[in-house]
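Q: Handing you a structure now.
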Amino acid sequence: MLPEGGFMMKSPAKINLSLRILGRRADGFHELDTVFQEIDLCDEIEFYPAEEWCFRADGADLGPDQDNLVVRAARALSAYANVPCKARIFLRKTIPTGGGLGGGSSNASVTFHGLCRLWNLDVEWERLQELAAELGSDCPFFVYGGMARGRGRGEKLELYDGSLSGTVVAVFPGFGVNTRKAFSECEFDLTEHDKNVIFTAYLGEEEGTYILLEDCVNDLENIVLRVHPMLRELRDELSRLGADVSLLSGSGSTVFGVFRESSAARRAAQQLRERFTVYICRMVGRQRRAELR
């Protein structure tokens, strides 16, 4: 508990263990089939009672309030619950902006949870998922966290207990990738086989952890790695350093490797830290998210 009746909540990042793009939808979005996995790289959000609205962020330039997902989430929940939008929120950023790790989407969804607690609201998580979907395709996943398969725009979720086994080394190269631009350049002629291949990596399960059996696929690599060839080199370097899978997360620019042995992950991180921002992460199961409220 913080002073003045405040409290702090962690706002986690995610990686996409696989991302297939199945075609363009009538609404202009793309039909996706993806596997989200929460990791323990987190921003922090502090919530305080107040007689007015105040939002401040440290660690990133998030632009004007009307474009910020925390502000939009607060206003959406206030309108839905018909309560005044009064709170003091302080966001401390650690997750890199524009890195494909879902930091902004996570901030929005955790804001829903935090304000439900602050405003003493009893809103069903399914309704929060619907509100989150209005803010962005990744936002509904962060209402729940853990590991989930996302379809539609990513908002139709199939939740899984447990998490993928292994240690993640996430490497941020120092620049972001424009997600909208990456998707706008995607034109794929995919087969039904491609639509089904996403789960070949999750055929085994042991004590709540999924065992990685094959390499996963991110269709956005076809676009992003062509524009940023150094990301391809970074992905391949992670493989050479022992990652069982190395992949672009979302539209990038973060590239991650999953290592079976934590010692190998630490060695890889040590070599890459001279040139990049590197995070060694655990993968988190959904059970922890139940403790949010």
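Q: Once fully extended, how much extra length lies between GLU52 and LYS86, figured as 0.36 nm per residue of separation less the alpha-carbon to alpha-carbon distance?
A: 11.8 nm
Q: Let me ask you something else. Would you grab the residues whose amide H sits under 5 Å from the one on VAL245? Only those 5+ places off in sequence or on another chain, please, with H modelled 1.01 Å from N.
A: Amide H to amide H, under 5 Å and 5 or more residues apart or across chains, VAL245 pairs with VAL258.
Q: Ranking request for peptides 107-115, 165-173, 148-156: highest mean number of other beta-carbon atoms within 10 Å first, then the rest in descending order.
A: Highest to lowest by the protection proxy: 107-115, 165-173, 148-156.
Q: Also: Taking neighbour counts of Cβ atoms within 10 Å as a proxy for exposure, in what order, fewest first, do ILE45, ILE15 appear?
A: ILE45, ILE15
Q: Can you put CYS54, CYS216 in order, fewest other beta carbons within 10 Å first?
A: Ordered from fewest to most neighbouring Cβ atoms within 10 Å, CYS54, CYS216 come out as CYS54, CYS216.
Q: In terms of modelled amide H atoms, which long-range or inter-chain residues lie less than 5 Å from the amide H of ALA57?
A: Amide H neighbours of ALA57, under 5 Å, 5+ apart: LEU91.
Q: Where does each of TYR279, TYR48 land when they are ranked from fewest to most other beta-carbon atoms within 10 angstrom?
A: TYR48, TYR279
Q: Using a cut-off of 9 Å between beta-carbons, work out the net charge of the residues near ARG92 (Lys and Arg +1, Asp and Glu -1, ARG92 not included).
A: Taking every other residue near ARG92 into account, the sum is -3.
Q: Would you mind computing, in nm to one decimal, how far apart the modelled labels at VAL278 and LEU22 are, each placed 7 Å from Cα along Cα→Cβ?
A: Once both label points are built, they end up 3.8 nm from each other.
Q: Continuing with this model, one more query. If the chain between VAL227 and ARG75 were fully stretched, how many nm would it gain, using 0.36 nm times the residue separation less the Cα-Cα distance?
A: Gain in length upon complete extension: 51.0 nm.
Q: How high is the relative contact order of region 68-164, in percent, with contacts defined as C-alpha pairs under 8 Å that are six or more residues apart?
A: Value for region 68-164: 23 percent.
A short reminder: the numbers here are calculations on the coordinates, not readings from a lab. These numbers were taken from a predicted model, which means no experiment stands behind them. Because the Cβ atoms are built from the backbone with ideal geometry, glycine has one as well, and the counts that use them run over all protein chains shown.
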